[in-house]
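A quick write-up on the structure given underneath.
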Amino acid sequence: MSIPAHEIQGSEAWLEYRRTRGGASELPALMGCSPWAPRSAAELFDFKTGRRQRYNNAAMRHGTTHEGEARRWAEAELGDAFEPKVLEQGRIIASLDGINMEGSVLLELKCPPKGHESKAWLQVERNNTPDLHYWWQVQQQLYVSGAQKAYFAVYDANQKNGIVTSVKPDPNAFKALVDAWAEFFAYFDADERPPENRPSHRRDKAWVAAAKAYQEAKAELDAAKAKEAAAREALELLADGQSVRGAGLSLTRYWVQGRIDYKRLVPPDADLESARAPGRWQIKITQEKETK
């Protein structure tokens, strides 16, 4: 379903429509990567149910003010016309800054007050991809629209120019976002606040025992690595640059070619996103001081 964005955005009808649906800019809260409120499914629930109020800050007002000129700049830069539009797939929606007439390419605009000195601009300039929270936003836009590609543009209103990168659809991301919204709306429809998707503090016996076992194993591993490094250094000193055998060990000195720096072979304007492997969830364990 398609609804012209200019007809409802900002109106009471738009606010009620969005309250009962999952917007692309809200997805980072469910994926645990939103840098601002709402930062979790629980906080998003609070906003959607009116337990907390939304406020437009100066950065948001700046973006709204300069969105039109940013779109005109992007159209001239990309050689295509983009129309703002609101699209939906069930209760999952996307308010697009623009989509071309064929529906094959969409446009997401950011107009940060700091322009080319902003984090959004520097991220694109250095890595040729948006920040993770913006990447998820664009993935939902691609899912809802069915577009083949998205342009992510950061516009500097003071210098009247911008920087652009492209984002391709990720089927794995589509599945993850559909599942995340289904879980959220199960809580929302039951008027039940979701659990926080931030680290919870546990003191139960099972967790404490597992944590202690990990810490002890990690300490033993670190000590073994340090001991191995010291013994290796002693062997290398004794070998004095020669290959040596003895006492069940062989120390062999040999030449290794330097690795090829493939980044130097890639053209600066190459579409690296097309070669990116699918994303995946990872686990990181960090030892920290216990808080009282």
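Straightening the chain between N127 and K149 buys 6.1 nm, computed as 0.36 nm per residue apart minus the Cα-Cα spacing.
Cross-link reach is defined here as a Cα-Cα straight distance under 20 Å, omitting same-chain residues fewer than 8 places apart; for K212 the aspartates and glutamates meeting it are D204, E220, D222, E288, E290. Coupling constants for segment 129-139 follow from the phi torsions by the Karplus curve (6.51 cos²θ - 1.76 cosθ + 1.60, θ = phi - 60°), and in residue order they are 7, x, 4, 4, 5, 6, 4, 5, 4, 5, 4 Hz; glycine and proline get x.
Per-residue ellipticity at 222 nm from helix content only, as computed over the chain with -39500 (n - 2.57) for each DSSP H run of at least four residues, stands at -13500 deg cm²/dmol.
A simple spin-label model places the labels of N158 and Q215 4.8 nm from each other, with each point 7 Å out along Cα-to-Cβ. Where (1) 25.6, 83; (2) 17.6, 54; (3) 22.4, 88 are the candidate values, the label of the one calculated here for Rg and Dmax of the Cα atoms in Å is (1). Near I92: Cβ cut-off under 13 Å, other residues only, Lys/Arg at +1 and Asp/Glu at -1. The net charge is 0.
Put a plus charge on the Cβ of each Lys and Arg, a minus charge on the Cβ of each Asp and Glu, and nothing anywhere else: the dipole of segment 100-183 about its Cα centre is then about 200 debye. Antiparallel beta bridges, as assigned by DSSP with both residues in the chain, represent about 75 percent of the total such bridges. Applying 1/(1 + (r/R0)^6) with R0 = 22 Å to the Cβ-Cβ distance of E69 and K168 gives a FRET efficiency near 0.20. Available extension along the chain between A275 and A186 is 28.5 nm, counting 0.36 nm per residue and deducting the alpha carbon span.
Length gained on full extension, I283 to E236: 13.3 nm, using 0.36 nm per residue less the C-alpha separation.
Using the 1.4 Å probe convention, the accessible area of segment 125-183 works out to 42 Å² per residue with neighbouring protein chains retained.
As a fraction of the 1.4 Å probe accessible area of the chain, surface on carbon and sulfur atoms comes out at 53 percent.
The values are calculated or read from the model by the stated rules, or taken from the named source; none is laboratory data. No experiment lies behind these values; they were computed from the predicted model shown. We place every Cβ from the backbone using ideal geometry, glycine too, and count neighbours over all the protein chains shown. Each accessible area value is taken on the protein alone, full model and side chains, heavy atoms only, with ligands, DNA and RNA left out. Shrake-Rupley method; radii C 1.70, N 1.55, O 1.52, S 1.80 Å.
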